[in-house]
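Trainee: Provided herewith is a single structure, encoded as structure tokens, for subsequent inquiry.
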């Protein structure tokens, strides 16, 4: 009987924890993408500073208000500027950041092509 | 010929990298955002510090008046340092100082004010720190100079005599 009751509780808990987990996952994903501005080099997710903790609460609130991930990023960008995002968009300040790896990749590819493929 | 080019280019590349990194040492590693002047103040609802009643931001900040919003907390040591300056600004009485009590224990906050004086015209509370984020603040202490519901100037960290002089200039 005890065993049955245990099973029943587990079954009842499964959907509940799923819902919570989904929201927590989303919260974690967003906070990992936000920079903790007063502790340099840490994300909000990693940090336990007062600022980061408040930010986590606010992300939860915004999620409950039904804002999408992008809307939340936009909201924080408005408040604190582009720096708060770990994944900055492409604009005139960041184009080098985006194009440099591509450029290096192309140059590297060209060198490999010339040295190893053409020679053979 | 080829043997000479390689070490030479390696030295040049390292030289350039060294130069860039050396220059980078001089830059401040602490990021301070561009201070957005003329930004509208946020609209929010909160509770009054003394009465505990609900207050609206529109009732606190009127147009045509200059306000100094100060974010403070009793556990914050720099707040203790800047408090005499706030008292000084208050005795000059040209600006309304509004306090935002940040993540504080109300009893401790009251004792803080009893001990050091209360320069604030009104105080509202921010229990979980989310209001401070609405304002774009980083922590305590932080002060905003507000005119016509717009943020004219933002001071991160404790106020000092130099900043007080600057505030006085703005008020005049």
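Trainee: How are the alpha carbon pair distances in the stretch A:7-70 distributed across 5 Å bins from zero to the largest one, expressed in percent?
Mentor: The distribution over the stretch A:7-70 is 4, 18, 23, 19, 14, 10, 7, 4, 2, 0, given as percents.
Trainee: Stick to Cα atoms and the Kirkwood definition of Rh, then tell me Rg/Rh for chain A.
Mentor: That ratio is 1.25, to two decimals.
Trainee: Then there's this: Using the count of nearby Cβ atoms within 10 Å as a rough guide to exposure, how do B:75, B:135 rank from fewest to most?
Mentor: B:75, B:135
Trainee: So for the protein assembly as shown: antiparallel DSSP bridges make up what percent, rounded to the nearest 5?
Mentor: The antiparallel proportion sits near 65 percent.
Trainee: Relative to the first principal axis of the alpha-carbon coordinates of chain A, what is the inclination of helix A:69-80, with its axis defined by its Cα atoms, in degrees from 0 to 90 and to the nearest 10?
Mentor: Tilt relative to chain A: about 70 degrees.
Trainee: Let me ask something additional. Working from Cα positions, state the angle (0 to 90°, nearest 10) between the long axis of helix B:106-116 and the longest principal axis of chain B.
Mentor: 90 degrees
Trainee: Add -39500 (n - 2.57) for each DSSP H run of 4 or more in the protein assembly as shown, then divide by its residues: what number comes out at 222 nm, to the nearest 500 deg cm²/dmol?
Mentor: Per the formula, -16500 deg cm²/dmol.
Trainee: Also, quick follow-up: What order do you get for A:87, A:60 when you list them from fewest to most C-beta neighbours inside 10 Å?
Mentor: Ordered from fewest to most neighbouring Cβ atoms within 10 Å, A:87, A:60 come out as A:87, A:60.
Trainee: Kindly put A:63, B:145, B:131 in sequence by how many other C-beta atoms sit within 10 Å of each C-beta, fewest to most.
Mentor: A:63, B:145, B:131
Trainee: I would also like to ask the following. Using only Cα atoms, find the angle between the long axis of helix B:77-92 and the longest principal axis of chain B, and express it within 0 to 90 degrees, rounded to the nearest 10.
Mentor: The answer is roughly 50 degrees.
Trainee: Other chains' Cβ within 10 Å of B:128-137 residues: what's the mean?
Mentor: 5
Trainee: Over all residues in A:81-87, what is the mean tally of Cβ atoms on other chains that come within 10 Å of each residue's Cβ?
Mentor: That average works out to 2.
Trainee: Taking every residue in A:48-60, how many Cβ atoms of other protein chains lie within 10 Å of its Cβ, on average?
Mentor: 4
Trainee: Principal axis lengths of chain B from Cα atoms, whole Å, largest first?
Mentor: 85, 35, 30
Trainee: Name the shape class, rounded, prolate or oblate, that the alpha-carbon gyration tensor gives for the protein assembly as shown, where a ≥ b ≥ c are the square roots of its eigenvalues, rounded holds for a/c under 1.5, and otherwise prolate holds if a/b is larger than b/c and oblate otherwise.
Mentor: oblate
Trainee: Please build a GNM for chain B, connecting alpha carbons under 10 Å apart, and tell me which residue among B:157, B:52, B:139 fluctuates the most.
Mentor: It is B:52.
Just so you know, all these numbers are worked out from the coordinates, no wet-lab data involved. Note that this is a predicted model, so its numbers are computed, not measured. Don't worry about glycine lacking a Cβ; one is built from the backbone with ideal geometry, like all the others, and counts go over all protein chains shown.
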